[in-house]
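See structure below.
The values are calculated or read from the model by the stated rules, or taken from the named source; none is laboratory data. This is a predicted model, so every value here is computed, not measured. Virtual Cβ from ideal backbone geometry, glycine too; neighbours counted across all protein chains shown. Accessible surface areas use protein heavy atoms only, side chains included; no ligands, DNA or RNA. Shrake-Rupley method; radii C 1.70, N 1.55, O 1.52, S 1.80 Å.
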Amino acid sequence: MDADYLIKMANQIGAFFHGESAPGQAPADIAGHIERFWDKRMKAAIVAHLAAGGHGLEPAVRGAVEIIARAQTAKAAS
Amino acid sequence: MYAIDHHDLGTPATDGAPVTLDIDGQSVTVPAGTSLMRAAALAGGAIPKLCATDTLKAFGSCRLCLVEIEGRKDFPASCTTPVASGMKVRTQSETLSKLRRGVMELYVSDHPLECATCPAQGHCELESMAEAVGVKASPYGGTGPRHQGQPLDNSNPYFNFNPDLCIVCSRCVRACNEVQGTFALSIDSRGFASKIAASQDELFITSECVSCGACVESCPTAALSEKSLITVGKPTEAVSTTCAYCGVGCSFVAEVKDNAVVRMAPNRDGDANHGHACVKGRFAYGYATHADRITKPMVRANITDPWREVSWDEAIAYAAGEFKRIQAKYGRDSIGGITSSRCTNEETYLVQKLVRAAFGTNNVDTCARVCHSPTGYGLKATIGESAGTQAFTSVMDADVIVVIGANPTDGHPVFASQLKRRLRQGAKLVVIDPRAIDLVRTPHVRAEHHLALKPGTNVAVVNAIAHVVVTEGLAREDYVAERCDTDSYARWKAFVSQPANSPEALEAVTGVPAATVRAAARLYATAKNGAIYYGLGVTEHSQGTTTVMAIANLAMVTGNVGREGVGINPLRGQNNVQGSCDMGSFPHEFPGYRHVSDEATRQLFSSAWGVPLQGEPGLRIPNMFEAALDGSFKGLYVQGEDIAQSDPNTQHVSAALTSLECLVVQDLFLCETAKFAHVFLPGSSFLEKDGTFTNAERRISRVRQAIEPLAGLADWEVTCRLSNALGYPMNYAHPSEIMDEIARLTPTFTGVSYEALDRLGSIQWPCNADAPDGTPTMHIERFVRGVGRFYVTEYVPTDERVNSRFPLILTTGRILSQYNVGAQTRRTDNVAWHSEDRLEIHPDDAEARGINSGDWVGIASRAGDTVLRATVTERVQQGVVYTTFHFPESGANVITTDNSDWATNCPEYKVTAVQVTKVSQPSEWQTRYRQFSKETTRVARETPLSTAG
Ligand code: SF4
Ligand code: SF4
Ligand code: SF4
Ligand code: FES
């Protein structure tokens, strides 16, 4: 799926949690939102984008995608 | 005047303490304030009357209803005389008969009883009252001065006004004032010369009349009468059902003759509308039998091929075969479905069940994605339930009413009439809208404050209001301490208190003077009961969800949730938006808003449906388009939804739809989406099926079949057949069985059944053991989520910014006479009021571009361009242009962009940066559109079908 489309969506989610999340919590909150609302192929695509360097992702959003990537790896291993 | 008669009690109900009196020797107990006329009617009697009806306040002009009261010498009018304890009343006597006959003889002297040839014959009150008082003809023999031979006003497409038949009872004037609140009619002149006049004695069509029909309904004669009573004839059957247009969900009695609707009479017992209606629900039902209806299934291998009419079996087998082939080739998640808010709960439930259980994916979504998905998310997060908190009648207890991003007089007209009634009683109004909507100033209504904000700055305005509440000590700390989460409150309070959120700091962003914001905030926060009503002007933004949360924060901090007269009230667009969301149409939720990842819920559905279910969310509509373009999504079943017209960035949507290998469209007409389809399954209108709709107040109402399905099958039957062909059995004998299944699986619906709906009339969910009759007001003692949760709502400007290339902001909306994409209303006489979409532009912006009203103008955005005609008006502020989106050839969505809400992907329809220029020809898109429409709507034999979409 088009990476720019997903980057924009992910950063918009990041912008909301920038204000809402408790200090240090934004990556986990953003990851939680993406987990609950994005379909598998969208999550896989944003993780692949991170693996390819993750350009364009805001720092907290990058942190969120890292959380999702770790969860996917753990799930694949189990 | 009901064609199928209704027992009219003469004057409205009251709710005083019980009073006992004697009427004709019978002891009667009624509430104080009840008229003698109503008391007598309740006791089974009937006092003759002409100017009284139970939907209007008594007026006392005809003097037909005179009675005798022991101890009084005069003969008071029973409609205007209230009951008193111990009163002794006689409704029949020789003297009374004589007096009544005298009155009636005067009436009929100017209204000959030529009833046999009159369309109202059999249900004309003048005729029946003349008979009741024993008058057969005028003793004056038609010799005195008369009002005959006056011109007939047949300018309204749906009703006539024949002044010759008017008895000047003023019921129509009072109906227009009291029920509708438009004040279009008056009695012109005095005495014998008195006559009914629309506006300044104009034709109805050019007057201020909005064609709600309340006057027609109230007229006791055929002076105001539906044309259909003449063209179709008198009805022989009556079926109680629910309007299929807006989220008010008005209840109607469909009056039918020979499988054709004669009239839609608003149901006086209807809990949502109490006997009122608007021009759409009451009159615009003709689309159901329009010549454009497609009643035969059709298939084609490519969208460039002509359509081929086939049997139901062949069409269903073809669709199922294609879906299976696609899944085998591209994987299980390569197909999905879209449910419609124009379909019933039962149909919607079945489509999501088909997708989850028969397709085996969660790729199901609904048109609420593009309207109220932020409401679902925002209200669930803050207060715990994805629905409005009140019944419509709650507005009658509100003292301050805030309307944000909604235009009730056009979008939700029957609710607007009730709202205006409350405002006429003295409640105060705040309007937050970029445009001066009608409510800002309309007869006998004037908004206290109009916050004419710049489009896209809702969050900033609501934060600024909250800032005032919190920093001026207007917060209801006791309420918050008792009912809300204190940690989130503390963080939110610190946030909104920041100087950056003050009205002064945000004035440059919002364009609203700080003093106005402060005054509005104080008014709302200090009201005994403050109620917020909002619409798509809130949700259809990149921060739609954030605004819903900000509204919830504001309602909680002022203690305005959990009782009558207050609340957070989303005004839903289509009739069943609430229902389609309740029924599990979202890709992440099962019915009842339970996340697909929740093990227990998944188990419940999995064992009821007998198949394993996925625990990961599926694709939302815009994601489906992206996936279609990247080649991972290839098949789609769309029931009753026109995504090609209603979704933003038309050219992007067209590209996505073109890339599908199998698109199945189930619809009444060859709509825009059907032009991209491979299988067309004929749909059935609301008149042709059984089911339920759920309106904006969570009210579940029955839809009952009034005429036979034109294509032979109701929509739910088609979904069952498709499922069966896919190998997943669905065998329901009647929609009531589907509702029974919903009730078994959904805690908020446990008590809902067709039997309960027949018994109670309608039910507001939750309806279960705790609330067997339903729940008009929610969150009464505590919030559904336990404690109310505040969210920090930072204002984040949209990416859609104006610049020198695109210096204006386009925002979109709707108009009273048309409905959504217009597929239905464009196929009715409602085009008499609105036959094209126009671009509203401020005089200064128009002058700078040399544009006059009526000129063709090109509107270009980053997404595309189209051409419309301009209307120059001060309704829009400088820098803002506005249009509706009811006609596909207007291409309003060719201009709107892919921007969407951060939480839900609800498109940002309300903010698009554009340039407007004067032009002389249609846009390139419009030229291509016409050609494409022609090519994709051919059926074999190369006959073009309708291209009107
Ligand atoms: S149709 Fe409605 S708006 Fe028009 S005159 Fe009658 S009551 Fe008034
Ligand atoms: S038009 Fe009908 S309702 Fe109006 S004044 Fe005449 S008779 Fe009465
Ligand atoms: S207000 Fe809405 S539900 Fe009522 S009649 Fe009009 S369109 Fe139908
Ligand atoms: S009905 Fe009472 S005065 Fe007309």
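Structural remarks
- Residues in region B:21-33 include none that are of a type in the set (Val, Ile, Thr) and not in a strand (DSSP E or B).
- Residues satisfying the criterion are present in region A:44-62 (criterion: crowded, with 17+ Cβ neighbours inside 10 Å, under 19 Å from B:PRO587 (Cβ atoms) and within 11 Å of chain B (Cβ to nearest Cβ)).
- Cβ pairs under 6 Å, 6+ apart, first in region B:414-442 and over 21 Å from B:ALA519 (Cα atoms), second hydroxyl-bearing (Ser, Thr, Tyr): B:ALA416/B:THR409; B:ASP438/B:THR409
- Number of residues in region B:212-260 that are touching a strand residue (DSSP E or B) at 6+ places or on another chain (Cβ under 9 Å), assigned to a loop (DSSP other than H, G, I, E, B) and within 16 Å of ligand 3 (Cβ to nearest atom) equals 7.
- Of the residues making up region B:254-266, not a single one is among the polar types (S, T, N, Q), more than 14 Å from every other protein chain (Cβ to nearest Cβ), more than 16 Å from ligand 2 (Cβ to nearest atom) and open to solvent by less than 60 Å² (accessible area, probe 1.4 Å).
- Scope region B:38-74; condition more than 9 Å from ligand 4 (Cβ to nearest atom), assigned to a loop (DSSP other than H, G, I, E, B) and within 46 Å of the chain's Cα centre (by Cα); matching residues: B:ALA43, B:GLY44, B:GLY45, B:ALA46, B:ASP54, B:THR55, B:LEU56, B:LYS57, B:VAL67
Matching residues to (1) small (Gly, Ala, Ser); (2) modelled with pLDDT under 95:
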{"position": "A:SER21", "(1), (2)": "yes, yes"}
{"position": "A:PRO27", "(1), (2)": "no, no"}
{"position": "A:ALA31", "(1), (2)": "yes, no"}
{"position": "A:MET42", "(1), (2)": "no, no"}
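- Filter result for B:GLU131 (more than 16 Å from ligand 4 (Cβ to nearest atom), within 30 Å of B:THR236 (Cβ to Cβ), part of a helix (DSSP H, G or I) and at pLDDT 90 or above): no
Residue by residue, here is whether (1) modelled with pLDDT under 95; (2) away from chain A (no Cβ under 14 Å); (3) open to solvent by 10 Å² or more (accessible area, probe 1.4 Å) holds:
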position: B:ASN553; (1), (2), (3): no, no, no
position: B:MET556; (1), (2), (3): no, yes, no
position: B:VAL561; (1), (2), (3): no, yes, no
position: B:GLU564; (1), (2), (3): no, yes, yes
position: B:PRO587; (1), (2), (3): no, no, no
position: B:VAL596; (1), (2), (3): no, no, no
position: B:LEU604; (1), (2), (3): no, yes, yes
position: B:GLN614; (1), (2), (3): no, no, yes
position: B:GLY631; (1), (2), (3): no, no, yes
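- Condition check for B:ASN458: touching a strand residue (DSSP E or B) at 6+ places or on another chain (Cβ under 8 Å), open to solvent by less than 20 Å² (accessible area, probe 1.4 Å) and within 30 Å of B:ALA320 (Cα to Cα): no
Conditions (1) more than 30 Å from B:VAL414 (Cβ to Cβ); (2) within 16 Å of ligand 3 (Cβ to nearest atom); (3) of a type outside the set (Val, Ile, Thr); (4) part of a helix (DSSP H, G or I), marked per residue:
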| position | (1), (2), (3), (4) |
| --- | --- |
| B:LYS280 | no, yes, yes, yes |
| B:ILE316 | yes, no, no, yes |
| B:ALA319 | yes, no, yes, yes |
| B:GLY336 | yes, no, yes, no |
| B:CYS343 | no, yes, yes, no |
| B:GLU346 | no, no, yes, yes |
| B:LYS353 | yes, no, yes, yes |
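- Test for B:GLU688: is it out of contact with any helix residue (DSSP H, G or I) (no Cβ under 7 Å at 6 or more places or on another chain), assigned by TED's automatic domain parsing to the domain that holds B:THR344 and not basic (Lys, Arg): yes
- Candidates in region B:779-794 are the residues that are within 11 Å of another protein chain (Cβ to nearest Cβ) and among the charged types (D, E, K, R); of these, the one that is farthest from B:GLY384 (Cα to Cα) is B:GLU794.
- Residue count, region B:616-629 (criterion: more than 7 Å from chain A (Cβ to nearest Cβ) and farther than 11 Å from B:SER659 by Cα): 4
- Here is the figure for region B:485-513: residues that are in contact with a helix residue (DSSP H, G or I) (Cβ under 9 Å, 6 or more places away or on another chain) and open to solvent by 10 Å² or more (accessible area, probe 1.4 Å) total 17.
- Test: residue in region B:13-24 that is away from chain A (no Cβ under 14 Å), under 22 Å from B:CYS169 (Cα atoms), in contact (Cβ under 8 Å) with a residue 12 or more places away in the chain and away from ligand 1 (no atom under 16 Å from the Cβ): yes
- Screening B:GLY360 on (1) within 19 Å of the chain's Cα centre (by Cα); (2) in the same structural domain as B:CYS581 (by TED's automatic domain parsing) shows it passes everything except condition (1).
- Within region B:547-589, being within 21 Å of B:LEU350 (Cα to Cα) and either free of Cβ contacts under 8 Å to residues at least 24 places away in the same chain or among the charged types (D, E, K, R) (or both) holds for B:ASP582, B:GLU589.
- Residues located in region B:848-876, provided they are part of a loop (DSSP other than H, G, I, E, B), open to solvent by 70 Å² or more (accessible area, probe 1.4 Å) and closer than 20 Å to B:GLY891 by Cβ: B:ARG862
- For region B:148-173, the set of residues classified as open to solvent by less than 20 Å² (accessible area, probe 1.4 Å) and either within 16 Å of ligand 3 (Cβ to nearest atom) or acidic (Asp, Glu) (or both) consists of B:ASP153, B:PHE159, listed by residue number.
- Index of the failed condition, B:THR221 passing every other in (1) touching a residue at least 40 places away in the same chain (Cβ under 8 Å); (2) more than 16 Å from ligand 1 (Cβ to nearest atom); (3) surrounded by 19 or more Cβ atoms within 10 Å (Cβ to Cβ): (2)
- Of the numbered criteria (1) within 16 Å of ligand 4 (Cβ to nearest atom); (2) crowded, with 17+ Cβ neighbours inside 10 Å; (3) over 35 Å from the mean Cα position of the chain (by Cα), the one B:SER35 fails is (3).
- Residue match in region B:383-397 (condition: within 20 Å of B:ASN273 (Cβ to Cβ), without any contact (Cβ under 8 Å) to a residue 24 or more places away in the chain, in a helix (DSSP H, G or I) and more than 16 Å from ligand 3 (Cβ to nearest atom)): no
- Looking only at region B:901-932, residues that are closer than 30 Å to B:THR295 by Cβ and modelled with pLDDT of 85 or more come to 0 in all.
- Within region A:11-38, being in a loop (DSSP other than H, G, I, E, B) and more than 7 Å from chain B (Cβ to nearest Cβ) holds for A:SER21, A:ALA22, A:PRO23, A:GLY24, A:GLN25.
- B:CYS176 near ligand 2 (Cβ under 10 Å from one of its atoms), part of a helix (DSSP H, G or I) and open to solvent by less than 20 Å² (accessible area, probe 1.4 Å): yes
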